[in-house]
Amino acid sequence: MTQEKKKGGVLPPDGGWGWMIVAGCFVVTVCTRAVTRCISIFFVEFQMHFARDYSGTAWIHSLVDCTTMLCAPLGSLIGNRLSCRVAVILGGFLSSIGLVLSSFATSLKYLYLTLGVLTGLGFALCYTPAIAMVGIYFCERKALAYGIAMSGSGIGTFILAPVVQLLIEHYSWRGALLILGGFVSNLCVCGALLRPIILKEEEACPLPVDSECEYGVKPPTVNSVPTGKAVGDKLELDAKQRCFQSMQEYHFLLMPDFLVLAGSFLLLASGCSLPFVYLVPYALDVGVGHQHAAFLMSILGVIDIIGNITFGWLTDRRCLKKYRNICYMFAVGMEGLCCLFIPLLHTFVLLVPFSVLYGYFDGAYVALIPVVTSDIVGTTYLSSALGVVYFLHAVPYLVSPPIGGWLVDTTGTYTATFFLSGFALISSSLLLFSVAVIRRCQRNQKNSLSKDPKLVSYLMIIIPATS
Amino acid sequence: MDWNQVWFADWATISWHTGQNQVIIEELAILTPQDIELLCNLTDIPNNPPYITGYWTKDGQEIENSEETVNRNNEQYILKKTFSIHARDLGNYSCIFRENQAQVTFVLDVPVIKDKRDKPVVSYTGDSVVLECKLKHTPNTWNWYKANNTEKELINVTANPLNYKIFINGNETKLTVLNLTEEDSGKYICSAEFDIKPSESYIELRVLSYTEPLKPFIAIVVEVIVLVTLILLWEKCNKPQNDNFSNDLCSEQTSNLTRDESNGVENNTARQRKLEH
């Protein structure tokens, strides 16, 4: 209580109501990412009912995924302007309506609109503000909180997939979509949980930095504009301040660190979705049985969850906190390395370690994306930055599986696809690593140069004193 | 015997392992009435006797006069028999060697529609539904029936063009039932007509009304509204305690109380002193 000032600035609670926020974000991840993955279960039903083939129905999944990521900046914008709570409740409402409307679908194009665009938009409005809120509420245990929150997609898929199958069997796809729409309206409950909090105006959470690592640079905050509004209540602003603020909100886009991070995210997103899509076809191609191939995917999903939580917990340890960025680079690099070994693995027994390792590091980096982003841009701009980050994921997600498919068709094997994925991931990691090394060298140079002026000024102080 | 119609079946090679009773099963799809030669080739018998006896069974019953003595031929014993297969002759034919009970079973049947949904197909009143049947072999034609208790009623598209559509494409068929009503629930039988015998499979259809999924949906929505209201109310109730104004109010009240208390104590001590005096 003594921390609360008259203006209302608080230190990040790191617990207490923060855990409710984590629970809320967990449910948001379940309702958005897991439901998106479970939509593919409806494809067989859609194919039968609308007499279309696989490619016609597969567009729905791509549309939902793409719209969710493309509209992520919109989600963070609404979260900043109104509040994260309003954004998530609105998103829950929209996606619920989208699913309910699609239960009355009469054609596949209708489904593209309701399921693809409307539901995707609703998900986009929920996803970014919820993740940003977790970053606001936590400081010391940020990575663990994110790990738990992001594990929702894995756990959600694991639980929802059989449930959706059961719903389809009992109520057919129309009834299942209707009930799924009701389930997704729980996003409104998560939105209600996102209690607004106003942090102290300066950076309340000391960044895990040693002086050599450039990732500790904070964006200059202007105290005259209440930047706490990024997650706080509505304040009275006139139009001029609002304009200035929107410039202020996206100021981080010009930071060189963020640009480098953005570039690495583009490469990352190009590489990471391919193994998920092509692991099972590759396994079948190599001679693994259908059930074993499906089992590989299950292993991937379960180890993903474990990777989320354990890696988040690990990087919260004091000894590793300073090296969080290196842990992130390591996770991404190892993922890429796993992909490069695929051509050597052609039995089920050999593919299991691949699934385990790939799943673990996939879960690891997913939990660390918001952490690394918040380390660079700071808590105040986290919402907007996350919007941009997920926007950058959209186009590679949409484009790289078809490119992978084209590679498979032209070369006749899956080797090229996995090599592409591996190289994209490794180059993403190397980009960050090389920039970090360059910064370190620059810092060392600066330090060695600046030592001399200190000495001179010290002498100047001494000399007048003695004279 | 019309030699043009003799169809040499795949022959099965049995290797006899000591102490092992192997039963090998071969499935043969029969489309037209024909004569089929079934052949069993036994190898690797330990003592290599000069001849052994074998016989045939149909559906477990030994066929009369089917016992034969087979001579050794390059360490192989070949037992074969030609059967004339019509609709009533379909079944499980086995060749059994008496000495070592080695056995091969040939299952002669029309092609079986294998990928059958064991769960009923669900749909809603006013909606349409597609029922599908697929086979590996192409029949002469497909027919759809609706089962009414024990009877089958042929679905005639020309008689009911508004309600039914049948699509036939070689080895697959689709029945589209339009304008569903509750009476359309039941068993639908797809029948692949072959020369020898039709091959049938059934699909069960359940037609629900819209209120069925609506109940869980409304239950979940009510739960959501209740939870949201509870959470927002709880927050509002907790909020006044955090306001500075009410803090001052609270502290004022508590300081008043303490003053009253201390007054009360003073009064008591004063009274005690009075009493003591």
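The values are calculated or read from the model by the stated rules, or taken from the named source; none is laboratory data. Bear in mind that the values here come from a model prediction, so they are computed numbers and not experimental data. Positions of Cβ are generated from backbone atoms using ideal geometry, with glycine treated the same way; all protein chains shown enter the neighbour counts. We work out accessible area using only protein heavy atoms, side chains counted, and drop any ligands, DNA or RNA first. Shrake-Rupley method; radii C 1.70, N 1.55, O 1.52, S 1.80 Å.
Quick notes on this one:
- Residue that is most open to solvent (accessible area, probe 1.4 Å), among those in region B:151-177 that are of a type in the set (S, T, N, Q) and farther than 30 Å from B:LEU28 by Cα: B:THR158
- Screening B:PRO213 with (1) out of contact with any Phe, Trp or Tyr (no Cβ under 9 Å at 6 or more places or on another chain); (2) crowded, with 17+ Cβ neighbours inside 10 Å; (3) free of Cβ contacts under 8 Å to residues at least 24 places away in the same chain gives one miss only, at (1).
- Residue within region A:133-141 that is open to solvent by less than 10 Å² (accessible area, probe 1.4 Å), at pLDDT below 90 and within 25 Å of A:GLY301 (Cα to Cα) present: yes
- Residue match in region B:107-124 (condition: outside any strand (DSSP E or B), of a type in the set (Gly, Ala, Ser) and closer than 27 Å to A:HIS170 by Cα): no
- Residues (within 12 Å of another protein chain (Cβ to nearest Cβ), open to solvent by 50 Å² or more (accessible area, probe 1.4 Å) and of a type outside the set (Val, Ile, Thr)) located in region A:76-108: A:PHE93, A:PHE104
- Residues that are over 30 Å from B:VAL110 (Cα atoms) and without any contact (Cβ under 8 Å) to a residue 24 or more places away in the chain, drawn from region B:52-69: B:THR69
- Residue in region B:90-105 that is part of a loop (DSSP other than H, G, I, E, B), within 26 Å of B:LEU79 (Cα to Cα), more than 14 Å from every other protein chain (Cβ to nearest Cβ) and of a type in the set (D, E, K, R) present: yes
- Residue in region B:195-217 that is over 30 Å from A:ASN186 (Cβ atoms) and in a helix (DSSP H, G or I) present: no
- Residue satisfying all of: in region A:11-41; away from every other protein chain (no Cβ under 14 Å) and more than 22 Å from the chain's Cα centre (by Cα); most open to solvent (accessible area, probe 1.4 Å) among these: A:LEU11
Matching residues to (1) more than 11 Å from every other protein chain (Cβ to nearest Cβ); (2) in contact with a helix residue (DSSP H, G or I) (Cβ under 8 Å, 6 or more places away or on another chain); (3) not small (Gly, Ala, Ser):
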{"residue": "B:PHE167", "(1), (2), (3)": "no, no, yes"}
{"residue": "B:ASN179", "(1), (2), (3)": "yes, no, yes"}
{"residue": "B:CYS190", "(1), (2), (3)": "yes, no, yes"}
{"residue": "B:SER201", "(1), (2), (3)": "yes, no, no"}
{"residue": "B:VAL207", "(1), (2), (3)": "no, yes, yes"}
{"residue": "B:PRO213", "(1), (2), (3)": "no, yes, yes"}
{"residue": "B:ILE220", "(1), (2), (3)": "no, yes, yes"}
{"residue": "B:VAL226", "(1), (2), (3)": "no, no, yes"}
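- Selected residue (only one of B:VAL107, B:VAL130 is surrounded by 13 or more Cβ atoms within 10 Å (Cβ to Cβ) and touching a Lys or Arg at 6+ places or on another chain (Cβ under 6 Å)): B:VAL130
- The strands (runs of 3 or more DSSP E) located wholly in region B:130-186 that include 1 or more residues which are modelled with pLDDT under 85 occupy B:141-148, B:151-154.
- Any helices (runs of 4 or more DSSP H) falling wholly within region A:25-70 and containing at least 3 residues that are more than 17 Å from A:GLY152 (Cβ to Cβ): A:43-50, A:54-70
- Hey, A:VAL372 in contact with a Ser or Thr (Cβ under 8 Å, 6 or more places away or on another chain) and open to solvent by less than 10 Å² (accessible area, probe 1.4 Å) or not: no
Yes/no per residue for (1) under 29 Å from A:VAL64 (Cβ atoms); (2) in a helix (DSSP H, G or I); (3) open to solvent by 70 Å² or more (accessible area, probe 1.4 Å):
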position: A:VAL388; (1), (2), (3): yes, yes, no
position: A:PRO402; (1), (2), (3): yes, yes, yes
position: A:ASP409; (1), (2), (3): yes, yes, yes
position: A:SER428; (1), (2), (3): yes, yes, no
position: A:SER434; (1), (2), (3): no, yes, no
position: A:VAL437; (1), (2), (3): no, yes, no
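- In region B:69-92, the residues that are among the aromatic types (Phe, Trp, Tyr) and open to solvent by 10 Å² or more (accessible area, probe 1.4 Å): B:PHE83
- Annotation: B:GLU37 fulfils all but one of (1) modelled with pLDDT under 80; (2) in contact with a Ser or Thr (Cβ under 6 Å, 6 or more places away or on another chain); the unmet one is (1).
- B:LEU135 being more than 14 Å from chain A (Cβ to nearest Cβ) and surrounded by 15 or more Cβ atoms within 10 Å (Cβ to Cβ): yes
- Residue in region B:138-147 that is open to solvent by less than 90 Å² (accessible area, probe 1.4 Å), within 13 Å of chain A (Cβ to nearest Cβ) and within 25 Å of the chain's Cα centre (by Cα) present: no
- Test for B:VAL228: is it open to solvent by 70 Å² or more (accessible area, probe 1.4 Å) and closer than 19 Å to A:VAL184 by Cβ: no
- Every condition in (1) part of a loop (DSSP other than H, G, I, E, B); (2) at pLDDT below 80; (3) open to solvent by less than 60 Å² (accessible area, probe 1.4 Å) holds for B:ILE24 except the one numbered (1).
- Selection status of B:GLU64, acidic (Asp, Glu), open to solvent by 90 Å² or more (accessible area, probe 1.4 Å), assigned by the TED database to the domain that holds B:LEU31 and more than 22 Å from B:LYS197 (Cα to Cα): yes
- Residue check for A:LEU167: within 24 Å of A:THR106 (Cα to Cα), buried (at least 21 other Cβ atoms within 10 Å of the Cβ), without any contact (Cβ under 8 Å) to a residue 60 or more places away in the chain and more than 25 Å from the chain's Cα centre (by Cα): yes
- Residue within region A:62-82 that is under 30 Å from A:THR379 (Cβ atoms) and more than 20 Å from the chain's Cα centre (by Cα) present: yes
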